[in-house]
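A.B. asks: For reference, the structure I am asking about is given below.
Bear in mind these aren't lab numbers, they're just calculated from the coordinates by the rules spelled out. Predicted model, so just to flag it, every value in this text is computed and none were measured. Here Cβ is always computed from backbone atoms with ideal geometry, including for glycine, and neighbour counts include all displayed protein chains.
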Amino acid sequence: MWEWINHTLFTLGGAPVLLIDVVTSALGLVCVFLAGRNSKYNFWVGYLYTAALFLMFWNKNLYASLLLQPVSLAINVLGHYRWTHPREEERSAENEKNLKVSMMSWPERGLALLSVVLVALLWGWILDTLFPADPHPYLDCCVTVLILMAQLLSALKKWDCWIAWLLVNITQIILHVSVGHVFMPIVCALYLVNGLWSLATWMKLYKKNG
């Protein structure tokens, strides 16, 4: 089963780039591009992306990120429903069938940040105890919890989700570099560019009540 996952397509900086890395990266980039353009079709790509991520993290022994995927799938389903079934007061001014972009309050942002820190510390300790093979348990968990928060905010169509995604991208670059990856930091840099673009795009939608 693992032969195709470990198949090397090419090398970059002396490091092999696997087929699963390229497939996962392509799906992820398409998914976030569509989300940044306010397209509900990002969720269909997201289902495939979740499955590819599960295989990739299994292959890399990044267990916190691997265990994230069933939760990630549930959030994706929630987001798919919420984006396409808004309550009356949540409807977009441009299309009443779509959920409008909203923004968190400062107390909500503070609570979200505190939640990320506490959960990451606790999960990191558990992961370090149960899965000592993970080379960077706390950093792995920080990325994991940030992704969960970013996905949840995306599912609720909060503008703030792109702030969370930018933090995810920066942390992921650090994580991939720390374990010797060459290809994935480049991909994460592309996510970073898309995140900045989407931050501005969603702000325009928010101001238009879209």
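A.B. asks: Over the chain, with a Gaussian network built from C-alpha contacts below 10 Å, which listed residue (Tyr49, Tyr81, Tyr191) shows the highest mean-square fluctuation?
C.D. replies: Most flexible of the set in this elastic network: Tyr81.
A.B. asks: Follow-up question, since we're still on this one. With viscosity set to 1.306 mPa s at 10 °C, what whole-number translational diffusion coefficient in µm²/s follows for the chain from Stokes-Einstein and a Kirkwood radius over Cα pairs?
C.D. replies: Rounded to a whole number, D works out at 89 µm²/s.
A.B. asks: Among Leu146, Val17, Trp165, whose Cα projects farthest towards the positive end of the dipole of the chain, with charges put on the beta-carbon of Lys, Arg (+1) and Asp, Glu (-1)?
C.D. replies: Trp165
A.B. asks: Pull out a ≥ b ≥ c, the square roots of the eigenvalues of the alpha-carbon gyration tensor of region 1-126, then state rounded if a/c is under 1.5, prolate if not and a/b is larger than b/c, and oblate in the remaining case.
C.D. replies: Oblate shape, in that a/c is at least 1.5 and b/c is the bigger or equal ratio.
A.B. asks: Gain in length, Leu9 to Trp44, computed as 0.36 nm per residue apart minus the alpha-carbon separation, to one decimal in nm?
C.D. replies: 10.0 nm
A.B. asks: Then there is this: Using only the Cα atoms of region 19-89, what semi-axes does the equivalent ellipsoid have when each is the square root of 5 times a gyration tensor eigenvalue? Give whole Å, largest first.
C.D. replies: 25, 14, 7
A.B. asks: Taking 30 Å as R0, compute the FRET efficiency from the Cβ-Cβ separation of Tyr138 and Trp58 and round it to 0.05.
C.D. replies: 0.90
A.B. asks: In debye, nearest 20, what is the charge dipole magnitude of the chain about its Cα centre with +1 on Lys and Arg Cβ and -1 on Asp and Glu Cβ, if you could check?
C.D. replies: Using only the charged Cβ atoms, the result is roughly 760 debye.
A.B. asks: Now, a different point. I want to verify a result. In a Gaussian network model of the chain, Cα cutoff 10 Å, which of these has the top mean-square fluctuation: Asn61, Asn42, Asn98?
C.D. replies: Asn61
A.B. asks: Quick one: the Cα spread of region 127-210 along its three principal axes, in angstroms, biggest first?
C.D. replies: Principal-axis extents of the Cα atoms in region 127-210, largest first: 49, 26, 12 Å.
A.B. asks: Among Tyr41, Tyr206, which comes first, then next, by fewest other beta-carbon atoms within 10 Å?
C.D. replies: Tyr41, Tyr206
A.B. asks: List the longest stretch of the chain that has no exposed loop site; here a site is one of the GluC sites (Glu not before Pro) assigned by DSSP to anything other than H, G, I, E or B, with at most 16 other Cβ within 10 Å.
C.D. replies: The answer is 97-210.
A.B. asks: Then there's this: For the chain, what does the helix formula give at 222 nm: sum of -39500 (n - 2.57) over DSSP H segments with n ≥ 4, over the residue count, nearest 500 deg cm²/dmol?
C.D. replies: Rounded to the nearest 500, the figure is -24000 deg cm²/dmol.
A.B. asks: Once you have the Kirkwood Rh of region 74-120 from its Cα pairs, apply Stokes-Einstein at 20 °C and 1.002 mPa s and quote D in µm²/s.
C.D. replies: 172 µm²/s
A.B. asks: Taking the alpha-carbon distance from Lys204 and a cut-off under 14 Å, which aspartates and glutamates remain once sequence neighbours fewer than 8 residues away in the same chain are dropped?
C.D. replies: Candidates past the 8-residue exclusion: Glu94, Asp160.
A.B. asks: Next question. Could you work out the Kirkwood radius for region 140-184, taking every pair of different alpha carbons, averaging 1/r and inverting it, reported in Å?
C.D. replies: 10.8 Å
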